[in-house]
Amino acid sequence: MPEGQFCNKKPVETEEELKALLGDKGGKQYYEEMLQLDVDSDKLWETVQKTCKSRTRTWLEICAHCGMCADSCFLYRVNEADPEQVPAFKIQSTLGEIIKRKGKVDNAFMRRAMEFAWARCTCCNRCSQFCPHGIDMGVMFSYLRGLLYSQGFVPWELKIGSGMHRVYQAQMDVTSEDWVETCEWMAEENGEEWPGLEIPVDKEDADIMYTLNAREPKHYPEDVAEAAILFHLAGENWTVPSKGWEQTSLAMFAGDWGACKIAVDAVYDAAERLRPKRIIGTECGHAHRASVIEGPYWAGRPDGRPPAEYIHYVQWLAEALREGKIKIDPAKRIKEKVTLQDACNYVRNHGLAKYTREIISYIVEPGYFVEMATNREYNYCCGGGGGFNGIGMFRKQRNVALRTKRDQILATGAKLVIAPCHNCWDAIRDLEEEYEIGIRWTFLKPLILSMAIVPDHLKPQEEDEE
Amino acid sequence: MASFYAFLTGPAFVISLLVFFVGLSVRLVRYFLGLDWRLERVAYRPNMEQGMKGGLWSIYKWLLPFGTAGWRAQPFFTICFFMLHFGAVLVPLFLIGHNVVLEENFGFSLPSLPQGLADLLAVLTVIGVFFIAARRIALPEVRIITTGYDYFILALVALPFITGLIARMHWAGYDFWMICHIITGELMLILAPFTKLSHIALYFASRWQIGADFAIKRGGHSRGACFPW
Ligand code: SF4
Ligand code: SF4
């Protein structure tokens with residue numbers, strides 16, 4: 001059978017299709033159909049010829065088969081040095097074979113490649129730092145994901161995820177109306193405690209336009225409130241767009257480049273419409289990757305930069321603390337061992353390690369911060385990156401992958417982990433659930449909020465003061 | 001015999017060098033022409049200065065023994081690697097015997113290494129090749145990615161060194177070993193642009209690209225162009 005009802009080569013474009021696909025619980029029918037899905041070898045080869053140019057081809061050709069990348073990959077280490085987890089093997093036996101065979105590969109090959117692309121690589125890019133030729137498997141696996149997606153071989157959840165971006169311009173079914181309502185609700189809900197608190201929607205020429213992750217309004221609206229309160233506390237002139245507020249990209253994990261463009265265009269349109277001085281994204285790693293690092297290219301911007309300065313939440317927070325816009329009550333600083341998770345997407349891949357350390361210097365009593373062994377650019381993936389967290393059929397492999405971070409955290413002796421990234425935060429939550437090592441984990445926003453000094457003029461007025 | 005020898009050190013020598021240099025240059029040019037800012041998602045041109053810094057830094061750091069976290073993570077391999085490469089680069093270029101042939105054909109020569117040092121480097125290269133081959137067999141993580149082709153490349157590099165060293169001993173059969181040495185050496189030169197040996201040039205291209213990538217796109221603007229390799 002060529003194309004299935006759910007598992008096929010077409011992206012999900014309408015709400016109806018999306019709901020039907022969601023209705024196929026756990027992707028049961030979807031994966032059954034995948035067993036029959038044909039490979040369009042001609043199209044596959046044509047795509048490769050158009051998109052696989054000298055960089056990638058040279059990588060595949062000059063790979064010295066030296067195995068220096070083996071030990072750099074946390075999945076190799078955590079799977080007991082399984083030779084089939086050596087990065088060079090993983091890519092040569094998938095993408096390398098597709099090219100060698102000029103696209104003439106079969107269904108079984110593609111399903112195996114799918115397992116390699118989504119369950120044996122999180123696109124953390126760490127191996128690129130250890131290869132003498134600078135061969136970056138994360139980049140190549142991401143490319144392979146694109147090829148697999150275009151042929152319909154993509155995990156069910158990610159087909160849905162990229163469909164969400166196409167239908168709602170958000171990774172979850174949060175419409176523009178839902179979003180604006182959440183803003184109003186959160187401003188009202190917290191208005192009593194924070195008089196004058198606002199979540200200004202679509203304000204033009206503000207200093208800051210804030211963008212975030214759809215699961216914040218959907219599942220953790222208090223995160224939206226916390227962001228608002230912190231901007232309020234810092235006295236910032238800020239806004240959120242009614243459209244183009246969603247910064248993440250499950251489409252990037254899926255390899256659906258068309259949807260990636262749709263998602264990032266929405267954010268950049270908002271920036272062009274509202275003309276903020278700069279854009280600040282939430283505490284999310286892949287959202288930063290998608291909208292700040294890769295986004296400009298999907299949007300076709302030749303300078304490789306977003307339309308306005310676009311920074312990560314930790315950059316703004318470091319600045320707010322540095323400049324005293326937010327002051328920390330010294331008595332409330334953290335006085336227990338605490339460690340920090342470096343998110344691959346904005347630390348290795350965007351050099352922001354120093355900002356999180358700077359924040360730590362303001363909020364942790366000296367002597368209590370413990371670095372994980374191998375950190376900053378050399379950190380290990382949380383274990384759930386690149387979409388791994390969300391794929392049901394690879395849950396077992398993901399849980400094994402979590403052991404790297406578990407052991408790193410245990411070695412620090414800290415019971416508190418600061419994880420300024422949604423994916424890392426989830427992975428650490430899941431590793432606690434799975435392995436029960438007795439840790440707590442947190443984003444920065446609630447932490448800062450719990451220790452910030454609130455100036456008198458921002459406090460609720462006592463009635464008897466009237 | 002004498003005329004065959006003259007052919008090998010004359011026209012064949014010139015042709016081998018020509019194929020080697022022209023071939024590798026073509027590969028380099030084609031590499032850079034094949035870069036595409038949209039496909040790699042790296043805005044090379046508008047950020048060339050930053051990219052150059054990062055690219056050259058990335059090349060430089062990896063040329064230093066134990067200069068990078070990667071090299072430091074694998075001391076055994078790093079030692080073998082540099083043993084092999086020091087000799088493989090320096091001996092062909094700066095051996096006095098090679099320079100004589102160079103002078104004869106082109107009328108110029110390069111400075112020459114003291115013969116003793118050249119001998120030592122050549123021996124180290126052969127030892128390096130030996131341990132790298134042994135490592136391919138011994139370590140499962142290397143064995144799984146090793147193919148016959150990898151051994152072929154190792155042999156292609158080792159043969160001119162082994163035959164050259166034997167000839168250098170001036171034992172019986174000197175002429176035979178010398179001719180073997182020249183043939184294998186020229187074979188290596190001729191095959192380099194068409195095999196994995198093209199990394200002689202493409203190493204610089206590939207390393208430049210990843211260095212530029214990390215400098216231009218992946219945080220060079222906040223971390224500084226030079227990635228902490
Ligand atoms: S370290 Fe680089 S050259 Fe060596 S096997 Fe891995 S990818 Fe290939
Ligand atoms: S990108 Fe990360 S997960 Fe993928 S092969 Fe490299 S080190 Fe392993």
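The values are calculated or read from the model by the stated rules, or taken from the named source; none is laboratory data. Fair warning: this is a prediction, and the values are worked out from it, not measured in the lab. Cβ coordinates were reconstructed from backbone atoms using ideal geometry, including for glycine residues, and neighbour counts include every protein chain displayed.
With respect to (1) more than 11 Å from chain A (Cβ to nearest Cβ); (2) farther than 22 Å from B:Pro193 by Cβ; (3) among the small types (Gly, Ala, Ser), the lone exception for B:Gly51 is condition (1).
Which one of the conditions (1) free of Cβ contacts under 8 Å to residues at least 60 places away in the same chain; (2) over 23 Å from A:Ser72 (Cβ atoms) does A:Ala353 fail to meet, given that it meets all the rest? Exception for A:Ala353: condition (2).
Table: residues versus (1) within 20 Å of A:His422 (Cα to Cα); (2) in a helix (DSSP H, G or I); (3) without any contact (Cβ under 8 Å) to a residue 12 or more places away in the chain.
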position	(1), (2), (3)
A:Ala227	yes, yes, no
A:Gly235	no, no, no
A:Lys243	no, no, no
A:Cys260	yes, yes, no
A:Glu272	no, yes, no
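The residue pairs whose first member lies in the stretch A:392-421 and is assigned by TED's automatic domain parsing to the domain that holds A:Tyr346, whose second member is of a type in the set (Lys, Arg) and surrounded by 16 or more Cβ atoms within 10 Å (Cβ to Cβ), and whose beta carbons are closer than 8 Å, counting only pairs six or more residues apart or on different chains, are A:Gln397/A:Arg120; A:Thr404/A:Arg77. If we scan the stretch A:354-373, do we find a residue that is closer than 24 Å to A:Thr122 by Cβ, aliphatic (A, V, I, L, M) and under 17 Å from the mean Cα position of the chain (by Cα)? The answer is no, given that none of the residues of the stretch A:354-373 is closer than 24 Å to A:Thr122 by Cβ, aliphatic (A, V, I, L, M) and under 17 Å from the mean Cα position of the chain (by Cα). If you go through the stretch A:32-62 and pick out every residue that is buried (at least 18 other Cβ atoms within 10 Å of the Cβ) and of a type in the set (Ser, Thr, Tyr), you end up with 3.
None of A:Asp71, A:Asp38, A:Asp42 is of a type in the set (D, E, K, R), outside any helix (DSSP H, G or I) and either modelled with pLDDT of 95 or more or within 16 Å of ligand 1 (Cβ to nearest atom) (or both) except A:Asp38. Test A:Glu46 against the criterion of being on the phi > 0 side of the Ramachandran plot and assigned by TED's automatic domain parsing to the domain that holds A:Ile99, and give yes or no. Considered against the rule, which asks whether it is on the phi > 0 side of the Ramachandran plot and assigned by TED's automatic domain parsing to the domain that holds A:Ile99, A:Glu46 comes out as no. For A:Val105, state whether it is of a type in the set (Val, Ile, Thr) and facing chain B (nearest Cβ under 10 Å). It is false that A:Val105 is of a type in the set (Val, Ile, Thr) and facing chain B (nearest Cβ under 10 Å).
Among residues that are within 16 Å of ligand 1 (Cβ to nearest atom), within 25 Å of the chain's Cα centre (by Cα) and either surrounded by fewer than 18 Cβ atoms within 10 Å (Cβ to Cβ) or modelled with pLDDT of 95 or more (or both), A:Ser93 is not included.
A:Pro87 passes every criterion in (1) free of Cβ contacts under 8 Å to residues at least 60 places away in the same chain; (2) out of contact with any Cys (no Cβ under 7 Å at 6 or more places or on another chain); (3) within 16 Å of ligand 1 (Cβ to nearest atom) apart from (2). The number of residues in the stretch A:246-259 that are in contact with a helix residue (DSSP H, G or I) (Cβ under 6 Å, 6 or more places away or on another chain) and closer than 15 Å to A:Met172 by Cβ comes to 8. Any residue at all in the stretch A:99-115 that's in contact (Cβ under 8 Å) with a residue 24 or more places away in the chain, within 15 Å of ligand 1 (Cβ to nearest atom) and on the phi < 0 side of the Ramachandran plot? No, there is no match, as no residue in the stretch A:99-115 is in contact (Cβ under 8 Å) with a residue 24 or more places away in the chain, within 15 Å of ligand 1 (Cβ to nearest atom) and on the phi < 0 side of the Ramachandran plot. When the residues of the stretch A:67-83 are filtered to those that are of a type outside the set (Phe, Trp, Tyr) and buried (at least 23 other Cβ atoms within 10 Å of the Cβ), the one that is nearest to ligand 2 (Cβ to nearest atom) is A:Cys73.
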